[in-house]
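Rule-based calculations on the coordinates, nothing more; no lab input. As the structure is a computational prediction, the values presented were derived from the model and not from experiment. FYI the Cβ positions are ideal-geometry reconstructions off the backbone, even for glycines, and counts take in every protein chain you see.
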Amino acid sequence: MRSQFAAALVISASVLAAGCSSYRPAPPAFHEAINKPYILDAGDRIRVTVFEQETLTNTYAVDQSGYIAFPLVGAIAARGYTVQQIEGQIADKLRQGYLRDPDISVEVDRYRPIFVMGEVGAAGQYSYVPGMTAHKAVAAAGGFTPRANQANVDITRDINGEVMTGRVATSDPLMPGDTIYVRERFF
């Protein structure tokens, strides 16, 4: 009897330890990235306004190689840059024989999508909306399944070219390109 109890205790402890070993709290960079200027990447679409030049004003998609194709000047690197840096790049290139003093404004027209997986009604790719939280992303994906852990989710995020995964509360804000994974609850 005592050996059966000891065996059950060892098995229970191993199951609990295995469940805890996969726990990965969000690294500090997760929360720091939210407060930094937005960095463009493939899948984003930007609106470029060149004042008094309607033919150059348009929306441009950041392609898979991280560039936008801009009239007159050709490919402009966008991956890894902020919209303010893109404004400067376009202005510099237009000054080289096209416009004397270009006045340019760049804003994000559409952010790259997020992905929601795991214990949700309809896993898949969804449009990112500024201010979106993990809970709102799950709602867009059809809500939690009956087996879902609703307290927190795992998020995989690319921060400065490094892919990180961490566990956050469902009230935490998301960033474009995040992958949200809703785990199954144990009980």
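In this simple spin-label model, placing a label point 7 Å from the Cα along the Cα-to-Cβ direction at both residue 101 and residue 32 gives a separation of 4.0 nm. What is the helix-to-structure angle for 83-95, meaning the angle in degrees between its Cα long axis and the longest Cα principal axis of the chain, kept from 0 to 90 and rounded to the nearest 10? Around 20 degrees separate the two axes.
Only the Cβ atoms of Lys and Arg (+1) and of Asp and Glu (-1) were treated as charged; on that basis the dipole of region 45-110 about its Cα centre amounts to roughly 220 debye. With contacts defined as alpha carbon pairs under 8 Å and 6 or more residues apart, what's the relative contact order of region 45-110 in percent? The value is 38 percent.
Simple rule: put +1 on each Lys or Arg Cβ and -1 on each Asp or Glu Cβ in the chain, find the dipole, and look at 46, 97, 122; the Cα lying farthest toward the positive end is 122.
Under 16 Å from a label point set 7 Å out along the Cα-to-Cβ vector of residue 82, the amide N atoms of region 158-181 belong to 160. Restricting to bridges with both residues inside the chain, how much of the DSSP beta-bridge set is antiparallel, in percent to the nearest 5? Roughly 85 percent of the beta bridges in the chain run antiparallel, per DSSP. Shown is the FRET efficiency for residue 58 and residue 150, computed with R0 = 25 Å from the Cβ-Cβ distance and rounded to the nearest 0.05: 0.05.
With the convex hull of its Cα atoms as the shape, the chain has an orientation-averaged projected area of 13.3 nm².
The GluC sites (Glu not before Pro) of region 27-97 that meet both conditions, a loop assignment by DSSP and at most 14 other Cβ atoms within 10 Å of the site Cβ, are 52, 54. Computed on the chain, with alpha-carbon pairs under 8 angstrom and 6+ residues apart, the relative contact order is 20 percent. Extension gain for the segment residue 51 to residue 109, taken as residue separation times 0.36 nm less the Cα-Cα distance, is 19.1 nm to one decimal.
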